[in-house]
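To start, the structure under review is shown below, and the notes come after it.
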Amino acid sequence: MIVHLSAFLYTSVQIAEKGRRNTMSEITLKNVSKIYENQQYAVRNVNLEIQDKEFVILVGPSGCGKSTTLRMIAGLEDISDGELYIDGEFSNYCEPKDREMSMVFQNYALYPNMTVYGNLAYALKIRKVPKDEIKKRVHEVAKILEIEHLLDRKPSALSGGQKQRVAMGSAIIRKPKVFLMDEPLSNLDAKLRTQMRIELAKLHREMETTIIYVTHDQTEAMTLGTKIVVMKDGFVQQVAPPAEIYNNPANLFVAGFIGAPSMNFFEAWVAVEEGRTLLYLGGNELGKKVYLDGKKGEILQRQKNGEKVILGIRPEDIYEYEEAKRRGFEKNSVGLEEKVIARELLGAEVVLYFQAQGRNQAVRLNPENETKRGENINLYFDTEKLYAFDMDTQENLFYKEDFTHE
Ligand SMILES: Nc1ncnc2c1ncn2[C@@H]1O[C@H](COP(=O)(O)OP(=O)(O)OP(=O)(O)O)[C@@H](O)[C@H]1O
Ligand SMILES: [Mg+2]
């Protein structure tokens, strides 16, 4: 199986080589669905436009359809419904080898009988690249991936992370039009992962290729992507640049999925007091209230007066009393006095956890804060940074209104 996949990958290179210069690589999915034999939808009605040279990230929980989407783009999986266009051409039935793409899999496709050098060199060899040039490029790539000392080994004598780097190397060395990568860094340790992330960003800039990249890793998604596609249960939830996904999530799921620690959520009743919008946090805790002025307050007053909503606030937008006072918003937010249940010092910041409404909530503070586990802390929201979500549809009630597109 491994050899078969590799053969496919390397054949695709020869074809890619023909008209590579000045070619585009736009990919469009129109209402694409995948139903496997078990009649379950793995991917539902996906619409996606990927421009030339974009670095698109697919994220979402395990089983949401990321790999299936990627495999349909590669042609390794039939499309059950909908249309795939590559550079404007209908390509549902285009052979994988004719798609000018190369894929790095979650599990690696290496030739077991060749050394690492042989694996890296193979694609160039079949293109009849001169020996000196092959040697130069193999060493370049091996250096980037820190596998120079492994060049004489066979894949069976490599660790998972090392195999992954060789697989990545054999994809990079060929410079295809489109890279499809399925969690290519998942087996690497934290340090190597960071290093590879930086290399990948550089490679993308230098090689000017389109990359479609599946990951679980928040940092990879936020730092590498020109565009993030958040998926859940086979559906696309939102497609937007990283900053917009973070600052203007379309719904509760996206808000909670992107960001670590995750956004805090509270149920709240919307009321109006002397013209101002007032939010009561939680049923039995009517003492806890937050005033919400400005446009966000207006929206809630107009749409949700007397109703319940889900409030969201990111851990970095909650402050302790002194800091809230200094920033001038302590009057809008009655302090939540909460008991700290866990404290994580992360060096540049400290994350304190507390329980509210039966959920673990987090606040990120300056590491000088010395509140210990078991002690109480007074917390204030930066209300300008509040989110509100519809209880039923879970849509972001401030969506669009809140985000300024420059
Ligand atoms: N060959 C198959 N036959 C039947 N169902 C499948 C097949 N491959 C995947 N699925 C199902 O389709 C859904 C999407 O799978 P997919 O591999 O695309 O998820 P994923 O987002 O890549 O998950 P992960 O993050 O765990 O890799 C899952 O429910 C999975 O069980
Ligand atoms: Mg997968």
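The values are calculated or read from the model by the stated rules, or taken from the named source; none is laboratory data. Everything numeric here is computed off the predicted structure, so don't read it as measured data. All Cβ positions, glycine included, derive from the backbone under ideal geometry; neighbour counts span all protein chains shown. For the accessible areas, the whole protein counts, side chains as well, though only heavy atoms, and no ligand, DNA or RNA atoms are used. Shrake-Rupley method; radii C 1.70, N 1.55, O 1.52, S 1.80 Å.
Would you kindly give the portion of the calculated P(r) for the stretch 242-344 that falls above 16 Å, as a percent of all Cα pairs?
Working: 3365 of 5253 pairs.
Above the 16 Å cut-off, the stretch 242-344 has 64 percent of its Cα pairs.
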Carbon/sulfur fraction of accessible area - the stretch 253-390, other protein chains in place, 1.4 Å, %: 44
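For the stretch 29-96, divide the Cα radius of gyration by the Kirkwood radius and give the resulting Rg/Rh value with two decimals.
Values: Rg = 11.7 Å, Rh = 12.4 Å.
For the stretch 29-96, the value is 0.94.
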Dipole of the chain, positive direction: furthest Cα of I86, N38, H216, with charges on the beta-carbon: I86
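By accessible area of protein heavy atoms, probe 1.4 Å, what ranking do H204, H216 get, highest first?
Numbers: H204 30, H216 100 Å².
Accessible-area ranking of H204, H216, largest first: H216, H204.
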Ordering of 71-79, 369-377 by packing [mean C-beta count within 10 Å, highest first]: 71-79, 369-377
The stretch 253-390 - charge dipole about Cα centre, Lys and Arg +1 at Cβ, Asp and Glu -1, debye rounded to 20: 240
Charge dipole (debye, nearest 20) of the chain; +1 at Cβ of Lys and Arg, -1 at Cβ of Asp and Glu: 1580
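Over 25 Å between Cα atoms: which of K30/K97; K125/K227; K30/K227 fall into that group?
Values: K30/K97 22 Å; K125/K227 35 Å; K30/K227 18 Å.
From K30/K97; K125/K227; K30/K227, over 25 Å: K125/K227.
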Cα centre as origin, Lys/Arg/Asp/Glu Cβ charges: the stretch 176-247 dipole, Debye: 140
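Taking a probe of 1.4 Å, how large is the accessible area per residue of the chain, in Å²?
That works out to 48 Å² per residue.
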Heavy-atom accessible surface of the stretch 2-247: percent carbon and sulfur, 1.4 Å: 48
For the chain, calculated [θ]222 nm from helices alone, where every DSSP H run of n ≥ 4 adds -39500 (n - 2.57): -9000 deg cm²/dmol
Förster-model FRET efficiency, 41 Å R0, K191 and Q303, C-beta, rounded to 0.05: 0.30
Residues E95 and I35, FRET efficiency given R0 of 25 Å [Cβ-Cβ distance, rounded to 0.05]: 0.70
Simple label model, 7 Å out from Cα along Cβ direction - R153 to Q394, nm: 4.3
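Expressed in nm to one decimal, what extension gain is obtained for the pair N378 and R127 from 0.36 nm per residue of sequence separation less their Cα-Cα distance? Each step should come with its number before you reach the end.
Details: separation 251, 0.36 × 251 = 90.36 nm, distance 6.64 nm.
Result: 83.7 nm gained on full extension.
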Kirkwood Rh (inverse of mean 1/r, distinct Cα pairs), the stretch 2-247, angstrom: 18.3
